[in-house]
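Taking it in order: structure first as structure tokens, then the write-up.
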Amino acid sequence: MLSRTAEYLYWISRYMERAETNARLLDVGYRMSLFPNPNGYNNEWESVLAAAGAIQGYKNKYNIIEQKKVEDYLFFDEDNPSSVYNCILNARSNALVVRTSFTPESWLAINKTYQEIQKLKNNNFNASDLPNLTEWTIEQVNLFRGSLSSLLRNDGYNFLYLGLFVERADNSARLLDVKYFVLLPKPQYIGGNIDNMQWSILLRSLSSFRAFRWAYDGDVTSTKIADFLVLNSDCPRSLSFCIQNIVKHLKNLTCSPEKVNKIYNNLKDLNIKIQEEKIESIVDFGLHEFVTQFINKISSVDSDIQREFFN
Amino acid sequence: MFNEMYQSESLIRNHYNNINEWLEKMSAKVINEKNAEAETHFRNIGITFSTNSETARERIIPFDLIPRIFTFSEWSKLEKGVIQRAKALNAFLADIYNQGEIIKANIIPKELIFKKKSYEVSMFGFKPPRSIYSPIIGIDLVRTNHNEYFVLEDNCRTPSGVSYMLENREIMMRMFPDLFHTNRVTPIDDYPTRLLQTLMSLAPIKCNTSEPVCVLLTPGPLNSAYYEHSFLSDQMGIEMVESTDLFVEGEFLYMKTVDGPKKVDVVYRRIDDDFLDPLCFNPNSVIGIPGIMDVYRTGGVNICSAPGAGIADDKAIYIYVPEMIKFYLGEQPILQNVQTWSCDKDDDLNYVLDNLSDLVVKEVDGSGGYGMLIGPKSSKSLIEEFRRKLSINPRGYIAQPLLDLSFSPTLIKNQVEGRRVDLRPFCLMGEHAQLSSGGLTRVAMNEGSFVVNSSQGGGVKDTWVLAE
């Protein structure tokens with residue numbers, strides 16, 4: 001497989017995953033805007049922007065943070081490199097280059113999404129359309145992921161999934177980090193409305209709101225939620241799940257075992273730690289510090305992959 | 001004027017009877033539905049092109065539902081004629097890059113060849129495998145009468161359009177399966193396999209495997225034929241590479257893969273000579289593979305088409321193709337050339353200036369139907385503009401009579417109307433010389449228009465060759 005092909009496959013799933021994350025974040029913001037607006041969480045759109053890593057870009061363009069503008073910036077704006085529109089555009093132009101390396105179904109899933117978002121962009125949408133837009137995005141991404149099941153289980157497949165889980169690991173960790181600041185001073189027990197709201201934002205944005213209820217009994221505590229999102233390997237967006245899948249698809253690569261080993265060695269400690277660690281000791285160590293380390297590690301694995309395989 | 005479907009106003013040609021019945025049964029509603037289906041299909045598979053204009057919006061070429069049909073015997077004649085021409089053009093290239101017999105025989109003046117930019121000096125004295133310089137030749141033909149075809153131009157570098165030929169057939173089979181039950185249409189879907197066989201049969205001398213590694217070299221997604229590049233490499237199951245994926249080490253060319261370097265034997269390049277090798281051609285080019293020409297000349301890799309093959313489809317060389325056929329093959333040309341006046345000759349120039357309003361004037365280096373004058377269809381002021389251009393730079397132009405391109409029935413706003421068509425079949429030259437069993441029919445969608453180029457409102461049709 002061409003190095004460039006591997007690289008493009010890797011980025012296609014990163015972009016598709018990112019499109020979904022943005023759509024979920026918008027969905028959360030939209031939901032929050034429907035609730036009464038006392039002090040404390042009226043600036044939800046700001047944390048949506050922060051979680052999307054788009055706050056600087058947004059502020060360069062607009063002076064005030066308001067719903068319509070945030071929606072537009074995160075969904076359609078061509079100036080925002082991570083807008084849903086740009087993600088789909090990029091995924092599609094990468095797919096155009098490597099359509100020979102995946103199935104016609106995967107190409108169609110991406111290209112149809114691209115055709116439709118062009119039309120959506122030209123329609124003037126209003127704020128109440130947002131749930132449809134986000135639902136549509138998630139559907140399209142699911143269609144794409146579903147199409148991958150018809151792929152040959154070769155290195156191309158593994159690079160697609162490496163991209164998916166590197167992106168997801170990064171997105172999940174950043175979300176945790178953003179919300180971490182809001183929640184840090186609060187007591188362990190979560191009872192107040194605001195707390196509930198904050199945690200539900202986190203869970204919803206990771207598409208884990210209902211799953212959490214099924215996975216844990218009893219009271220909602222910040223420790224349980226942290227455990228769920230960091231260590232629980234049943235949760236498909238937890239840091240632990242992402243890491244394990246990165247390792248799995250890395251080890252499934254048939255090309256260059258030395259390169260695979262080199263990257264794995266960089267990742268090994270974190271992988272072992274995340275499987276053995278208890279959430280209490282992570283919280284004692286500092287959740288923020290842990291998440292920061294995690295983000296740095298993922299970013300170094302990402303550059304390892306790019307350096308070893310794509311150059 | 002010749003109509004492909006109607007022998008006379010009331011008489012349908014035999015081989016169009018089925019199509020005529022089918023057309024009569026088809027309601028406006030069905031036509032609309034099928035047109036929309038075809039458009040959606042083309043957008044979904046991504047068979048789009050971008051024109052040179054700044055607006056990079058992807059466009060699709062209008063597709064006409066009515067196929068253009070050739071009988072077996074009509075096609076057999078074309079087949080012989082095109083293959084004959086392709087052989088002569090390759091023989092010409094082998095000659096002018098080696099002994100130059102045709103120049104010594106005073107058939108073609110040497111200035112005409114050696115002064116051309118498309119003549120590649122670095123190819124002198126080198127013969128590619130099987131002496132084939134141009135393995136894929138697209139010949140643009142028009143029909144003016146039942147048994148009368150003219151060659152408008154030869155495309156010896158990297159002719160495009162074959163993906164349209166194949167996709168047009170796919171969509172027709174999908175939308176109108178019954179048509180293919182009632183008509184015996186020769187399949188064309190083996191073209192990519194034949195293309196791959198052709199490329200593999202042109203492995204370089206240092207290649208010691210029976211399965212040479214072929215790649216398709218594309219300039220990248222911004223190229224207007226990019227869809228075709230990815231389509232062909234997909235159909236052939238070969239890598240589509242950009243020049244940054246390739247590098248030279250020692251005597252060979254390699255591509256960068258996740259496994260490390262992998263040797264490449266044959267490069268089907270869809271980029272221009274200028275961008276092949278910055279060490280040899282354009283030192284300012286940021287794209288290209290440094291050193292590939294050295295590997296090529298020492299038999300480590302084959303480049304298809306060969307650098308410098310473009311001289312054979314130069315508009316000034318075109319005039320001599322019938323002579324080439326006689327000289328190299330000892331045969332009479334089966335397909336005719338269009339009478340051509342080259343304005344760098346004084347007599348020709350004077351004739352052209354005196355008859356501008358009857359002639360078609362083309363730029364020697366032009367393409368895409370741009371920068372040409374269609375005298376009988378043009379305003380006085382445009383004719384005068386060309387008169388000035390010709391006087392200033394006569395070398396830059398040729399002139400031809402306006403040919404009466406045949407009409408093919410075409411759906412215009414759900415009505416069947418006659419529109420002018422041309423044809424580009426694709427000839428493969430490898431171990432065997434063979435013609436695609438069909439080609440790309442382009443149609444001038446505007447009433448009375450002679451210009452079939454997609455950049456100027458041209459459409460395409462499926463092209464059928466009926467089995468014997």
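Where a number appears in this text, it was derived from the coordinates with a stated rule and is not lab data. Computed from a prediction, not measured in an experiment: that's the story for all the values here. Note that each Cβ is placed from the backbone with ideal geometry, even for glycine, and that neighbours are counted across all protein chains shown.
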Checklist line | Cα-only radius of gyration and Dmax that characterise the range B:96-188, units Å | finding: 20.1, 58
Checklist line | Per-residue average of Cβ from other chains inside 10 Å of A:201-207 | finding: 0
Notebook entry, point to check: Where does the range B:260-383 land on Rg/Rh, using Cα atoms and the Kirkwood Rh?
Noted result: 1.11
Item checked: Where labels lie 7 Å past Cα in the beta-carbon direction, separation of A:Q275 and B:Q332 in nm -> 8.3
Checklist line | Mean Cα-pair separation over length for chain A, i.e. relative contact order, pairs under 8 Å, 6 or more apart, % | finding: 24
Check: Which value results for Rg/Rh of the range B:341-401 when Rg is the Cα radius of gyration and Rh the Kirkwood radius based on the inverse mean 1/r?
Finding: 0.91
Notebook entry, point to check: Which whole-number percent gives the relative contact order of chain B, counting Cα pairs below 8 Å spaced six or more residues apart?
Noted result: 24
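Given that compact globular proteins tend to follow 2.2 N^0.38 Å, what is the ratio of the alpha-carbon Rg of chain A to that value?
Working: Rg = 19.4 Å, N = 311, 2.2 N^0.38 = 19.5 Å.
Ratio of Cα Rg to 2.2 N^0.38 Å: 1.00.
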Notebook entry, point to check: Just counting partner chain Cβ atoms within 10 Å, what average do the residues of peptide B:293-302 show around their Cβ?
Noted result: 0
Check: Which ordering of B:L89, A:L203, B:L11 is given by a fewest-first count of other beta-carbon atoms within 10 Å?
Finding: B:L11, A:L203, B:L89
Margin query: Within the range B:75-118, name every residue whose backbone N is under 15 Å away from a label modeled 7 Å from Cα of B:H432 along the Cβ vector.
Written below: B:80, B:83
Note to self: Can you list residues from other chains, or at least 5 along the same chain, whose modelled amide H is less than 5 Å from the amide H of B:I412?
What the structure shows: B:E417
Next item on the list: Let me have the relative contact order for the range A:166-311, percent, based on Cα pairs under 8 Å that are six or more residues apart.
Entry: 30
Next item on the list: Specify the inter-centroid distance of the range A:116-146 and the range B:189-206, based on alpha-carbon positions, in whole Å.
Entry: 44
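Which whole number gives the average count of other chain Cβ atoms within 10 Å of the Cβ atoms across peptide B:254-262?
6
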Check: Could you put B:V82, A:V283 in order, starting from the residue whose Cβ has the fewest other Cβ atoms within 10 Å?
Finding: A:V283, B:V82
Next item on the list: Mind grabbing the base-10 log of I(q)/I(0) for the range B:367-422 at q = 0.13, 0.26 Å⁻¹? Debye formula, identical points on the C-alpha positions, no solvent, two decimal places.
Entry: -0.50, -1.11
Next item on the list: Loop only per DSSP, at most 13 neighbouring Cβ atoms within 10 Å: give me the trypsin sites (Lys or Arg not before Pro) in the range A:226-311, ordered by residue number.
Entry: A:K278
Item checked: Helical contribution to [θ] at 222 nm, DSSP H n ≥ 4, -39,500 (n - 2.57), averaged over the protein assembly as shown, rounded to 500 -> -14500 deg cm²/dmol
Next item on the list: Please label the shape of chain B as rounded, prolate or oblate, based on the square roots a ≥ b ≥ c of the eigenvalues of the alpha-carbon gyration tensor (a/c under 1.5 means rounded; beyond that, a/b larger than b/c means prolate, else oblate).
Entry: oblate
Margin query: Binning at 10 angstrom from zero up to the longest distance, how are the C-alpha pair distances of the protein assembly as shown distributed in percent?
Written below: 2, 12, 19, 20, 17, 13, 9, 5, 2, 0, 0
Check: Which value results when the Cα radius of gyration for the range A:25-170 is divided by 2.2 N^0.38 Å?
Finding: 1.15
Next item on the list: Would you calculate the volume per residue, in Å³, of the smallest convex hull containing every Cα atom of the range A:166-311?
Entry: 105
Item checked: In nm, spacing of pseudo-spin labels at B:D358 and B:E385 (7 Å Cα→C-beta vector) -> 2.5
Checklist line | DSSP bridge orientation in chain B - percent antiparallel, rounded to nearest 5 | finding: 75
Note to self: Tell me which chymotrypsin sites (Phe, Trp or Tyr not before Pro) from the range A:1-98 have a DSSP coil assignment and no more than 13 other beta carbons within 10 Å of their own.
What the structure shows: A:Y62
Check: For the range A:44-102 and the range A:217-277, what is the separation of their Cα centres, given in Å?
Finding: 27
Check: Between the range B:394-468 and the range B:221-238, what is the C-alpha centre distance in whole Å?
Finding: 22
Next item on the list: Within the range B:78-92, find all residues whose amide N lies under 12 Å from a label point positioned 7 Å from the Cα of B:A467 along Cα-to-beta-carbon.
Entry: none
Check: For the modelled label position 7 Å from the Cα of A:K69 along Cα-to-Cβ, which residues of the range A:16-35 have backbone nitrogen atoms closer than 15 Å?
Finding: none
Check: Taking θ as phi - 60°, what are the ³J(HN,Hα) couplings along the range B:142-159 by the Karplus curve (6.51, -1.76, 1.60), each to the nearest whole Hz, with x for Gly and Pro?
Finding: 10, 10, 10, 7, 3, 10, 10, 10, 10, 8, 7, 7, 9, 10, 9, 8, 9, x
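Exactly which chymotrypsin sites (Phe, Trp or Tyr not before Pro) in the range B:361-468 are in a DSSP loop and have at most 14 other Cβ atoms within 10 Å?
When the chymotrypsin sites (Phe, Trp or Tyr not before Pro) of the range B:361-468 are filtered for loop state and at most 14 Cβ neighbours within 10 Å, B:Y370 remain.
Just add up the charged neighbours of A:Q56: K/R +1, D/E -1, any other residue whose Cβ is under 13 Å from the Cβ of A:Q56.
Neighbour charge sum, excluding A:Q56 itself: 0.
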